Amino acid sequence: MKNGQVFLFDTKSEDSDKNAPCKHNALIDYIHNEENADKHLKGGVIIQTKNGENWKYCPMKIENTTDISSWDSFHPDEYKA
């Protein structure tokens, strides 16, 4: 993003990949590793909502990708300089 934030997303659809929670959680561990603290990283699995109007991601570890209602919405415009 123009403001220096770096997003690392793995695009999925709801419950499409049984390994998605493991992949997401490994990425969260990587992002929160102290060696990466100064890299301004965010990310994880990102899923498009059923209406196709929005993308949702969770900044914390997850157990499944079947309920994304409490996940954060990704709005790229919020990260412009």
Inset, instruction - Among the residues of the stretch 39-60, count how many are open to solvent by 40 Å² or more (accessible area, probe 1.4 Å) and either touching a residue at least 40 places away in the same chain (Cβ under 8 Å) or in a strand (DSSP E or B) (or both). - result: 3
Legend entry - Where a residue in the stretch 10-38 is at positive phi and its partner, wherever it lies, is open to solvent by less than 80 Å² (accessible area, probe 1.4 Å), with Cβ under 9 Å and at least six apart: ASP15/ASN64; ASP15/THR65; ASP15/THR66
Inset, instruction - Name every residue in the stretch 67-81 that is of a type outside the set (A, V, I, L, M), open to solvent by less than 70 Å² (accessible area, probe 1.4 Å) and touching a residue at least 40 places away in the same chain (Cβ under 8 Å), in order of residue number. - result: PHE74, PRO76, TYR79
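The values are calculated or read from the model by the stated rules, or taken from the named source; none is laboratory data. Every value quoted in this text rests on a predicted model; they were computed, and no experiment measured them. With ideal geometry, Cβ positions are generated from the backbone for all residues, glycine too; neighbour counts draw on all protein chains shown. Heavy atoms of the whole protein, side chains included, go into the accessibility calculation; ligands, DNA and RNA do not. Shrake-Rupley method; radii C 1.70, N 1.55, O 1.52, S 1.80 Å.
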